[in-house]
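Chemist: Next up is a structure, given as structure tokens.
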Amino acid sequence: MKEFEHIPVLLKECIEGLNIKEDGIYVDGTLGGAGHSLEIVKRLEKGKLIGIDRDEEAIKKAKDTLKQFKNIVYVQDNHDNIKNILSELGINKVDGILLDLGVSSYQIDEETRGFSYMSDSPLDMRMDKTQELTAKIVVNTYSEEKLANIIYEYGEEKFSRQIARKICEYRKNKQIETTKELVEIIEKCIPRQQQGHPAKRTFQAIRIEVNNEIKPLYNTVVNAIDSLKPGGRLCIITFHSLEDRAVKQAYTDSLGKCTCPPDLPYCMCGNKPKGKIITKKPIIPTKDEMNINTRSKSAKLRIFEKI
């Protein structure tokens, strides 16, 4: 197993945003390299940290990184199931939740996982290696139309139709089995003058599809808010517009503004505020952080407080 090279994004801002109480219960729903968790648990003298990750290797590494601390519960599961996870642990509400969305640095750097377009490895991209759906299945079995729609929607790739067509033409002769093969197909569809790596957006789209990262996200945010005690904080870091849009919408809807027509004499919709948005605008990394950690460049932190 390759060593994690993990630099937690917006670390100081997340810790401040969580407003940690030393006897509180906190959840890191995306444990990853445990960079955020380490700073949270350092501040918990009588409290507890619940670390969740769907990646078994991430859990193993986190246990090693945090081995000096005894007040941590590790759960290999998906943060989308946060209500069930807390219920099974006998916990009703918590004081704070952190979600650092997207793929972890370790998963990108570990060539055998197939997340990176910079290496030649099997097409996999699973965060949870026990699940059946892989990037190889998506690329080799999805219809041209479905592939094009995924690449356009999840990757915001304007050459999605050309890429999907080329993929389907290629796989008529043989299965696409490696990241290198896929990159070579994509490169034929992207004009050379385009900025950034030509495969970046397509790989992002396939990864999101494999791991079902967007569809449950709105409900996950709402469930996380419902799992907070009064005064509890939810901090979410997003890395692209689809994630950020879902988080922003869930936060806005949780403000509980009345949706009744203005001519009604009294409220009929029953909407009640669950809390308030702490960040009027998302917090973004400083220029120094972006220079040190290039993967932080697209990060946005949004914070919600339960009432």
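So that you can scan it fast, the table gives a plain yes or no per residue for (1) in contact with a His (Cβ under 6 Å, 6 or more places away or on another chain); (2) touching a residue at least 12 places away in the same chain (Cβ under 8 Å); (3) among the aliphatic types (A, V, I, L, M):
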site	(1), (2), (3)
165	no, yes, no
180	no, yes, no
186	no, yes, yes
193	no, no, no
198	no, yes, no
201	no, yes, no
219	no, yes, no
223	no, yes, no
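Chemist: When the residues of the range 97-146 are filtered to those that are modelled with pLDDT under 85 and in contact with a Phe, Trp or Tyr (Cβ under 6 Å, 6 or more places away or on another chain), which remaining residue is surrounded by the fewest Cβ atoms within 10 Å (Cβ to Cβ)?
Modeler: The extreme case among them is 108.
Chemist: Restricting to the range 18-73, and then to whatever is out of contact with any strand residue (DSSP E or B) (no Cβ under 8 Å at 6 or more places or on another chain) and among the small types (Gly, Ala, Ser), can you tell me which residue is surrounded by the most Cβ atoms within 10 Å (Cβ to Cβ)?
Modeler: 58
Chemist: Under 6 Å by Cβ, and 6 or more places apart or on different chains, what pairs join a residue from the range 134-160 that is more than 18 Å from residue 170 (Cα to Cα) with one that is among the hydroxyl-bearing types (Ser, Thr, Tyr) and surrounded by 15 or more Cβ atoms within 10 Å (Cβ to Cβ)?
Modeler: 152/160; 155/202; 157/202
For every residue, the table says whether it meets (1) of a type in the set (D, E, K, R); (2) assigned to a strand (DSSP E or B); (3) surrounded by 11 or more Cβ atoms within 10 Å (Cβ to Cβ).
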site: 255; (1), (2), (3): no, no, yes
site: 258; (1), (2), (3): no, no, yes
site: 262; (1), (2), (3): no, no, no
site: 266; (1), (2), (3): no, no, no
site: 269; (1), (2), (3): no, no, yes
site: 281; (1), (2), (3): yes, no, no
site: 288; (1), (2), (3): yes, no, no
site: 291; (1), (2), (3): no, no, yes
site: 304; (1), (2), (3): no, yes, yes
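The values are calculated or read from the model by the stated rules, or taken from the named source; none is laboratory data. A quick note: this is a predicted structure, and the numbers were derived from the prediction, not measured. Methodologically, a virtual Cβ is constructed for each residue, glycine included, from the backbone with ideal geometry; neighbour enumeration extends over all protein chains shown.
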